[in-house]
Structure formats: C-alpha cells, structure tokens
C-alpha cells in the first residue's frame, strides 16, 4: 500500500481503523518491568493462610490472583482500559 498515493479521506479512514484496533488491545509492560516477586509473595500468602486454616473460598483468591497478574503485566490502569472496551 503506497500511502503517498492515498487521498486524505483514505488516510483518515485508515487512521481511524488503526485507532479503533489500538484501543481494543491492551499495552503490555516490557518484560523487564514485570515484577514476578509480587506473584511469589502472593503464593506465599496463600500458602500461609492455608497452613493457618484461614483459607476459605478459593474464588476470592482466584480473583485476587487474576487482578494481580493483569495489573502487573498490563499496568495499574488495566481494568480502566478493560471496562472502557467492554461497555
């Protein structure tokens, strides 16, 4: 595709389509910025709760783990992005 031969309307349409596509894709943090120590600490907390007998409903832990992972991989605003895309 030669953008130099495209009309302004064609360029605008292409830009609009790319903008929609970008908004539907979360931006991941660089791997070097992902703190896997947070996952290890979470696992230790769950292990300690189980050992104390404080482990109740695993659905809460699944949700907390999911939120921790998504925010660590995609950033603290992941759920703001997710909610804006899935309205």
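What follows is calculated from the coordinates using simple rules that are stated; it is not laboratory data. None of these values were measured; they are calculated from a predicted model. Positions of Cβ are generated from backbone atoms using ideal geometry, with glycine treated the same way; all protein chains shown enter the neighbour counts.
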Inside region 36-65, the number of residues satisfying the requirement of being part of a loop (DSSP other than H, G, I, E, B) and exposed (fewer than 11 other Cβ atoms within 10 Å of the Cβ) is 5
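For residues in region 25-35 being out of contact with any helix residue (DSSP H, G or I) (no Cβ under 8 Å at 6 or more places or on another chain) and in a loop (DSSP other than H, G, I, E, B), which is surrounded by the most Cβ atoms within 10 Å (Cβ to Cβ)? Before the answer, list the steps.
Initial filter on region 25-35 (out of contact with any helix residue (DSSP H, G or I) (no Cβ under 8 Å at 6 or more places or on another chain)): 25, 30-33.
Subsequent filtering for residues that are in a loop (DSSP other than H, G, I, E, B) retains 25, 30.
On the way: 25: 9, 30: 6.
Top of the filtered list is 25.
Here is a list: 3, 20, 36. Which entry is under 18 Å from the mean Cα position of the chain (by Cα) and more than 22 Å from residue 65 (Cβ to Cβ)? Before you say what the answer is, go through the steps one by one.
Details: 3 fails: under 18 Å from the mean Cα position of the chain (by Cα); 36 fails: more than 22 Å from residue 65 (Cβ to Cβ).
It is 20.
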